[in-house]
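Enquirer: Please find one structure pasted underneath; my questions will follow.
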Amino acid sequence: MRNLAGLAAAALALGCLGLPLPAEAATQTVVTIQFDDGNADAYQALSMLSTHGMHATFYVNTGFIGDSTHMSWTQLQDLYTAGNELAGHTLTHQNIKKLKTADARYQVCQDRDNLISHGFQPESFAYPFGSFDSGSEAVVQACGYNSGRGVSGVNDTRVFAETIPPADPYALRTPPDPKQGTTVATIEGYVTAAEQHGGGWVQLTFHHVCSGCDAYSITGANFQALLDWLQPRAASGTVVQTTAQVIGGPFNPPVTP
């Protein structure tokens with residue numbers, strides 16, 4: 001979070017004085033709701049998020065925007081105007097780990113530049129297929145992003161959440177991506193596991209909102225149920241924030257591919 005250090009210092013000072021801690025300083029677990037790919041059916045998440053007073057991070061491939069299976073620029077503007085974060089995912093969903101550096105840079109930087117040219121401020125990136133190495137991280141950082149997210153690394157046996165701040169902001173760890181057969185209880189379990197093991201950052205990565213349209217999908221009813229469950233947990237210190245809110249850092253100018 002942008003003011004994480006300040007909150008920690010304030011909490012320590014108040015604790016030493018024996019004074020009650022403000023609710024924000026007592027926050028232990030942060031949940032980020034994320035959607036990859038900019039799929040058209042994910043747009044329906046907007047109304048559900050807004051109803052619950054929540055914002056998500058949408059990682060999009062700008063090369064596909066406006067086709068029959070992806071959101072339009074107008075829909076992305078709707079998401080952004082409502083307070084959601086728009087973030088990068090390469091131009092055409094390429095595995096940049098397998099590309100030459102120049103090609104990887106084009107995929108990452110041009111995608112970000114496209115978002116910026118439409119009035120957005122992309123600060124976060126997600127690696128397609130969760131595939132990356134040190135070279136991939138260097139490209140993402142060079143293109144102006146403040147973070148890069150994979151798709152694994154958090155489990156219910158040893159690592160229960162990403163740390164805040166992360167040890168490596170360009171290799172962010174997540175629980176397994178929810179799939180069509182993943183129950184709401186399983187997703188909730190990712191959050192409660194973090195709560196019960198010292199807190200941290202839980203990134204929930206979705207792709208489609210539909211009934212059986214894709215292996216990586218969640219139904220609208222189940223997504224609604226998840227938000228219903230998350231909302232009251234804010235009172236006990238589990239809050240929902242975007243990736244950029246957790247990572248912090250400046251918005252960097254566009255970089256020539």
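Bear in mind these aren't lab numbers, they're just calculated from the coordinates by the rules spelled out. Computed from a prediction, not measured in an experiment: that's the story for all the values here. We place every Cβ from the backbone using ideal geometry, glycine too, and count neighbours over all the protein chains shown.
Enquirer: Run the numbers for HIS197 and SER152: contour at 0.36 nm per residue of separation, minus the present Cα-Cα distance, in nm. Write down the numbers at each step before the final one.
Expert: On the way: separation 45, 0.36 × 45 = 16.20 nm, distance 1.82 nm.
Length difference between fully extended and current span is 14.4 nm.
Enquirer: Here is a further query. Between THR186 and ALA138, how high is the FRET efficiency from 1/(1 + (r/R0)^6) when r is the Cβ-Cβ distance and R₀ = 51 Å? Nearest 0.05. Mind showing how you got there, number by number?
Expert: Working: r = 35 Å, r/R0 = 0.68.
For THR186 and ALA138, the calculated efficiency is 0.90.
Enquirer: Also: Ranked highest first by average number of other Cβ atoms within 10 Å, how do 107-117, 30-40 line up?
Expert: Numbers: 107-117: 22.3, 30-40: 24.4.
Ranked from most to least packed, the peptides come out as 30-40, 107-117.
Enquirer: Most exposed first by the Cβ proxy, i.e. fewest other Cβ within 10 Å, how do SER124, SER152 rank? If you can, show how the numbers build up before the last one.
Expert: Numbers: SER124 29, SER152 12.
In increasing order of surrounding Cβ atoms, one gets SER152, SER124.
Enquirer: Per residue of segment 226-232, what does 6.51 cos²θ - 1.76 cosθ + 1.60 with θ = phi - 60° give for ³J(HN,Hα)? Whole Hz please, x for Gly and Pro, Karplus curve as stated.
Expert: Going residue by residue, I get 5, 5, 4, 6, 5, 3, x Hz, with x marking Gly and Pro.
Enquirer: Would you mind counting up the charge near ALA87? Only other residues with Cβ under 14 Å from its Cβ, with Lys and Arg at +1 and Asp and Glu at -1. Show your work: numbers first, answer last.
Expert: On the way: positive: ARG112, ARG149; negative: ASP36, ASP37, GLU85, ASP111, ASP113, GLU123.
Every neighbour counted, the sum reads -4.
Enquirer: Looking at the chain, what % of the alpha carbon pairs are farther apart than 23 Å? Don't skip to the answer; put the middle values down first.
Expert: Details: 16339 of 32896 pairs.
Cα-Cα pairs in the chain separated by more than 23 Å: 50 percent.
Enquirer: Under a point-charge model restricted to the Cβ atoms of Lys and Arg (+1) and Asp and Glu (-1), what is the dipole moment magnitude of the chain relative to its Cα centre, in debye to the nearest 20?
Expert: 380 debye
Enquirer: In addition: Say each of SER131 and ILE164 gets a label point 7 Å from the Cα, pointing the same way as Cα to Cβ; how far apart are those two points in nm?
Expert: 3.3 nm
Enquirer: Pop out the ³J(HN,Hα) list for segment 141-146 in order, Karplus 6.51 cos²θ - 1.76 cosθ + 1.60 with θ = phi - 60°, rounded to Hz; leave Gly and Pro as x.
Expert: 5, 5, 7, x, 7, 9
Enquirer: Once each part is reduced to its C-alpha centroid, what is the distance from segment 80-111 to segment 119-193 in angstrom?
Expert: Cα centroid of segment 80-111 versus Cα centroid of segment 119-193: 15 Å apart.
Enquirer: Could you tell me which of rounded, prolate or oblate describes segment 149-209, using a ≥ b ≥ c as the square roots of the eigenvalues of the alpha-carbon gyration tensor, with rounded for a/c under 1.5 and, failing that, prolate when a/b is larger than b/c and oblate otherwise? If you can, show how the numbers build up before the last one.
Expert: On the way: a/c = 2.26, a/b = 1.28, b/c = 1.77.
Taking the square roots of the gyration eigenvalues as a ≥ b ≥ c, segment 149-209 is oblate.
Enquirer: Continuing with this model, one more query. Can you run phi through the Karplus equation (6.51, -1.76, 1.60; θ = phi - 60°) for segment 183-197 and list ³J(HN,Hα) in whole Hz, with x for Gly and Pro?
Expert: Listing the rounded values in order: 7, 4, 4, 5, 5, 4, x, 4, 6, 5, 4, 5, 4, 7, 10 Hz.
Enquirer: Here's a follow-up. In whole percent, what relative contact order does the chain give with Cα contacts below 8 Å and a gap of six or more residues?
Expert: Working: 526 pairs, mean separation 67.2, N = 257.
Result for the chain is 26 percent.
Enquirer: Using modelled backbone amide H atoms (1.01 Å from N, in-plane), which distant-in-sequence or interchain residues come within less than 5 Å of SER147's amide H?
Expert: Amide H to amide H, under 5 Å and 5 or more residues apart or across chains, SER147 pairs with PHE125.
Enquirer: Moving on. Could you list which residues have their amide H under 5 Å from that of GLN94, counting only those 5 or more apart in sequence or on another chain, with H placed in the peptide plane?
Expert: none
Enquirer: List the residues, sorted by chain then number, that are 5 or more residues from GLY237 or on another chain and whose placed amide H is less than 5 Å from its amide H.
Expert: Hits under the 5 Å cutoff: none.
Enquirer: Continuing with the same structure: Could you name the lysines in cross-link range of LYS179, using Cα to Cα under 26 Å and dropping any fewer than eight places away on the same chain?
Expert: LYS97, LYS98
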